[in-house]
Structure formats: structure tokens, C-alpha cells
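First comes the structure, then the notes that go with it.
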Amino acid sequence: MKKRAPSLSALLTDISACRLCAVHLKDGPRPVVQASASSRLLIVSQAPGRKVHATGIPFNDVSGDRLRGWLGIDREKFYDAQRIAIVPMGFCFPGSGHNGDLPPRPECAPTWHPHLLPLLKHVQLTLAIGQYAQTGVLGAQCGPSLTDTMHAWREHLARGVLPLPHPSPRNQAWLKRNPWFETELLPVLRERVCHIL
């Protein structure tokens with residue numbers, strides 16, 4: 001007899017109890033994910049930062065403020081799981097390194113994404129935020145660099161995925177070097193998000 005797949009609710013409960021990487025997490029595990037079976041926009045990001053780890057609320061920091069500005073939505077819509085799913089490549093804060101946060105733990109996405117993402121059947125657009133998310137979502141369709149992947153945003157959007165740089169203040173230099181992101185991509189992003197939500 002074929003084993004029945006868990007419901008989304010049961011899966012989210014399992015994710016919240018995950019301790020797979022506990023031995024590697026100096027600050028301890030605290031999976032942060034937001035999803036509903038009715039979510040229409042999927043945000044795949046890198047991993048929670050220190051402030052998000054402390055609150056358990058995704059993008060509850062300066063990066064989140066900038067991301068919400070890019071999307072043209074307020075906090076109420078952003079944190080409505082019925083509309084928006086937020087599924088990082090790593091669900092827990094990986095810790096800090098010399099140049100910012102460490103990469104997402106490599107065990108997380110292969111363990112959970114194959115079970116979680118197929119349950120999000122109403123997603124109309126996936127945002128792949130940052131290079132780790134772009135590699136995870138786009139795979140071989142990624143360019144050699146984040147900038148190359150970003151320049152092909154129209155091609156990716158035609159397949160339902162929109163790559164974005166990470167909204168961290170650390171990326172201010174990239175945004176200044178690439179003014180087309182604000183003038184060409186953001187208006188399309190806001191229009192698409194408004195339509196979907």
C-alpha cells in the first residue's frame with residue numbers, strides 16, 4: 001500500500017521541529033518558513049538573518065523593508081501566508097562569518113523542498129532572491145554570476161521565475177552599478193505582484 005504524503009499543515013509542523021543541522025548551528029535551530037496551500041507568490045530566499053532568528057518572522061529586518069518596497073506591498077499583505085509563501089534555501093540562521101552571514105546549510109533544501117514545494121499548487125510566480133536561491137530554483141539556467149542571471153530576467157520570468165538580488169544594504173553597490181534594475185525590472189515586478197495578489 002502506497003504511503004500517503006503528509007498534509008501541508010503536518011509538514012510545516014515537522015519543519016518547525018527539525019533539528020537536522022543543530023550540531024552546526026551556534027545559535028541553535030529555529031526554522032523560519034511561511035506557506036499555505038493557497039499561496040500565489042513564492043519567495044525563495046537565502047536563509048534567515050540574526051534578527052529574523054530572534055523573532056521567528058521572515059524578512060523582519062532592513063532587508064525585508066527594502067524587499068516590501070520592491071514588491072510595492074505592506075507588511076500585512078507580505079505576512080499573509082494565504083497569499084505569499086516564504087521558503088528559504090536554509091530555514092535556520094546559519095551563523096555569521098567574516099563577510100556577513102554564512103551560506104544556508106546544505107542539508108535543508110534537499111531535505112524539505114521536494115516535500116514542501118509540490119504542495120504549493122497555486123503559485124503563479126516564484127521570486128529567487130540572491131545567488132543561493134537562484135542556483136536552487138534555476139539550476140543550470142543560472143548565468144555564471146548573479147549579474148548574468150539578472151540580465152536574463154525576462155527569459156526567466158517567461159518561465160514563472162523572477163531572479164532578484166538580495167535586498168541587503170550590503171548590495172547597495174550592485175544596485176548603483178545596475179540602475180536598469182530599478183527602472184526596468186521593478187515596475188514589471190510590482191505590476192505582476194499586484195495582479196497575482
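Since every read-out is calculated from the coordinates, none of them should be taken as a lab result. Note that the coordinates shown come from a computational prediction; the quantities given were computed from them, not determined experimentally. Glycine gets a Cβ as well: all are built from the backbone with ideal geometry, and neighbour counts include every protein chain shown.
Observations
- Counting charges near THR111 (Lys, Arg +1; Asp, Glu -1) among other residues having Cβ under 13 Å from its Cβ returns a value of 0.
- Database remark: amide H of LEU125 closer than 5 angstrom to the amide H of LEU42 (H placed geometrically; neighbours at sequence offset of 5 or more, or on other chains; Pro and chain starts carry no H).
- Estimated FRET transfer efficiency when R0 is 45 angstrom, pair LYS176-ASP80 (beta carbons, to 0.05): 0.90
- Rounded to whole Hz, the Karplus (6.51, -1.76, 1.60) HN-Hα couplings of the range 25-36, x for glycine and proline: 9, 4, 8, x, x, 7, x, 10, 8, 9, 6, 9
- When peptides 43-50, 96-103 are ranked by their average number of other Cβ atoms within 10 Å per residue, the highest-first order is 43-50, 96-103.
- Backbone geometry of the range 86-97 corresponds, through the Karplus equation with coefficients 6.51, -1.76 and 1.60 at θ = phi - 60°, to 3J(HN,Hα) couplings of 10, 10, x, 6, x, 7, 10, 4, x, x, 9, x Hz, x marking Gly and Pro.
- The range 39-69 and the range 92-120: distance between their alpha carbon centers, rounded to Å: 13 Å
- Cα-centre dipole for the chain with unit charges at Cβ (Lys and Arg positive, Asp and Glu negative), debye to 20: 360 debye
- Long-range Cα-Cα pairs in the chain (distance over 32 Å), rounded percent: 11 percent
- Taking 20 Å as the straight-line reach from the Cα of LYS77, the aspartates and glutamates in range (excluding those fewer than 8 positions away in the same chain) are ASP61, ASP65, GLU191.
- In this structure, ALA17 and ALA140 have a Cβ-Cβ separation that, at R0 = 35 Å, corresponds to a calculated FRET efficiency of about 0.55.
- The chain: calculated mean residue ellipticity at 222 nm from DSSP helix runs of at least 4, using -39500 (n - 2.57): -10000 deg cm²/dmol
- Shape category assigned to the range 3-51 from the gyration tensor of Cα positions, a/c cut at 1.5: oblate
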